[in-house]
Amino acid sequence: MSTPTPPGSTASATGIEITAKFFPLAFILNFFKPVFTIDGVASKQKWRTPTFVPTAAGQHQVQVHFPYGFIKTAGKGTTTVSVAEGQVSKLVYKAPWIIFLPGKIKPVA
């Protein structure tokens, strides 16, 4: 669906940039890739790597989770984001300390 983009290359694009992070002591999460779902389209990505997903302007449903053992949607976080024409909405997902809790998705200021 998308690949990480070099810095500055999204200047004239319209879309969403997501960075997934976790607390350093939860290093085992390096073995489980986060899954970004935008408007029902899912893709596995990398931790701590900004990922640009081109979208049309308007409202979009964003969900991020990661598989963990037998749990297919651990740390699920969801939000709705508005994207203006020619703008990139930047989001940060933070995985929970305990995998049974929801993750948090916040806009980057």
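Every read-out reported here was derived from the displayed coordinates using simple, explicitly stated rules and does not represent laboratory data. Predicted, not measured: the structure shown is a model, and the values here were computed from it. Using ideal geometry, Cβ is built from the backbone for each residue, glycine included, and neighbour counts are taken over all protein chains shown.
Normalising by the residue count of the chain, find the relative contact order in percent from Cα pairs under 8 Å and 6+ residues apart.
31 percent
Which of the following values of Cα Rg over 2.2 N^0.38 Å was calculated from the structure shown: [x] 1.03; [y] 1.29; [z] 2.08?
[x]
Based on alpha-carbon centroids, what's the gap between segment 11-53 and segment 63-109 in Å, whole number please?
8 Å
Expressed in nm to one decimal, what extension gain is obtained for the pair Lys21 and Ala84 from 0.36 nm per residue of sequence separation less their Cα-Cα distance?
The span from Lys21 to Ala84 would gain 20.2 nm if fully extended.
Under unit Cβ charges (Lys, Arg +1; Asp, Glu -1), what dipole magnitude, rounded to 20 debye, does segment 15-100 have relative to its Cα centre?
380 debye
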